[in-house]
Amino acid sequence: MKQFIAITCCLLLTAFISCENCNTCATMCSCEGRTDISNKVVETIMARRSIRNYKQIPVSRDTMQQILLCGINAPNGQNKQSWEVRVVDNEVVMKAIMNALDEGGKGDLSSCFRGAPVMAFIARDLSYDFSAYDCGLLAQNMMLSATSMGVGSICLGSPVRFILDSPNRDKILSMLGFSEGYELSLCVGFGYANETPEAKPRNVDKVRFVD
């Protein structure tokens, strides 16, 4: 599952469509070795980084609502919108989820959330075989719109595995309250970055035109 999620998230970088509902602009772009880029969407894509160290400053619900609006406007198969999202920005609820994981007897797993003050749990509709891709597109729109607002983010697969494998699985999932027929598939953390990671190299040889 983890490998599938990771591959899906990586592939979706090329599938992003402009989030025109966001009336914001990119606030940072530290990419080197590129030609002139004046397109705000391209700037945002190139500026996005996976953040693993966050300031413990809340992200307002107004900001998160805009990020979520951009998410649900992602392209999706047959407009099924085959996702459900549960946003946890309440410290008490997040602590209860982490405690339930720890009670599973596998040690301290709280670091798997990377300290993000806001966590979006995304579930896919099991009745639709392309729902995993829809969830990935949703997550990517959310992360890119967050970047345009100066909010850091990270797409996580390990919490999904830990939760679904936990003896307290049902307890944790009941806290999130997904509808029947939906399965937790992705976690996306949001918050204000306490680091400025450099871009990692990309292998452009993996992409080519077919003549």
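Every read-out reported here was derived from the displayed coordinates using simple, explicitly stated rules and does not represent laboratory data. Quick caveat, the model's predicted, so the values are computed rather than measured. Heads up, the Cβs are rebuilt from the backbone with ideal geometry, glycines too, and the neighbour counts pull from every protein chain shown.
Just a few scattered comments:
- The range 80-91 - phi-based ³J(HN,Hα) in whole Hz, Karplus 6.51/-1.76/1.60, Gly and Pro as x: 6, 6, 7, 9, 9, 10, 10, 9, 10, 10, 8, 4
- Surface/4 estimate of mean projected area, convex hull on alpha-carbon atoms of the range 84-169, nm²: 6.0 nm²
- The residue 202 and residue 60 beta-carbon pair, evaluated with R₀ = 41 Å, returns a calculated FRET efficiency of approximately 0.80.
- At full extension, residue 92 and residue 111 could sit 5.2 nm farther apart than now, given 0.36 nm per residue minus the alpha carbon distance.
- For the range 133-211, the alpha-carbon coordinates run over 48, 39, 20 Å along the three principal axes, in decreasing order.
- Inter-label distance, nm, simple model (7 Å from Cα along the C-beta direction), residue 40/residue 79: 2.6 nm
- Sorting 187-193, 199-205, 50-56 by their mean Cβ neighbour count within 10 Å, with the most densely packed peptide first, gives 187-193, 50-56, 199-205.
- Rg and Dmax [Cα atoms of the range 58-211; Å; Rg one decimal, Dmax integer]: 16.4, 56
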